[in-house]
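What follows draws every value from the coordinates through simple rules; no lab data is involved. Just so it is clear, the structure is predicted and the values come from calculations on it, not from any experiment.
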Amino acid sequence: MKTRLIIAGLLMACAIAANATPAFGDSEGTVSAQVSVAAPCIQVAPTQLDFGTLGFSSKPTSVAASRALTATNCGASASLLGHGTNATSTAGTTWVLEPSGANVCSSPNRYVQRIDTGPTSIPLSTADVTLRPLAGGEAASLNAIVVMPCVGSSGAGEVMTFSYVFTALLG
């Protein structure tokens, strides 16, 4: 009986030892991971500007007006981009946005939009241009500027509408 207990004990010890030895694992392992993606966010105030009643220019940049804006970055640090649009009226008149400003009087119905960032005044085109870096939570004081088309352009007595478009670009 003692021998049987000893043999049973040895068998049990071998079984435990076999389970305690290292086992060979899979040829690969997996680690689950995640990342939160920063989202660009820009808030601009006010959301509407009225430049009042302005006459046509007699030479480039002779009739211009500006209005204050604040662009606030409500996301992660980003570059503030901006672009303008052509101006239109309900009567069908269109003014073409002239990005250089130098050619505003080269033909009728051309006008200029600019953004004054403080140290620089940046002409807008219909494609985005970089205005300035903007840290997360930072508010930037800007001035939206419009330069009227030259004498001989269409639109007298009409209300022309156009937009200043801002984008926050991460990176």
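Here is how the numbers come out for the structure above:
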| item | result |
| --- | --- |
| Area projected by the alpha carbon convex hull of region 34-142, averaged over all directions, nm² | 8.7 |
| Estimated vicinal HN-Hα couplings, Hz - region 35-52 in sequence order (Karplus 6.51, -1.76, 1.60; Gly, Pro = x) | 9, 8, 8, 5, 10, x, 8, 9, 10, 10, 9, x, 8, 9, 10, 10, 8, x |
| Helix axis angle, 2-20 relative to the chain longest principal axis, alpha carbon, degrees | 20 |
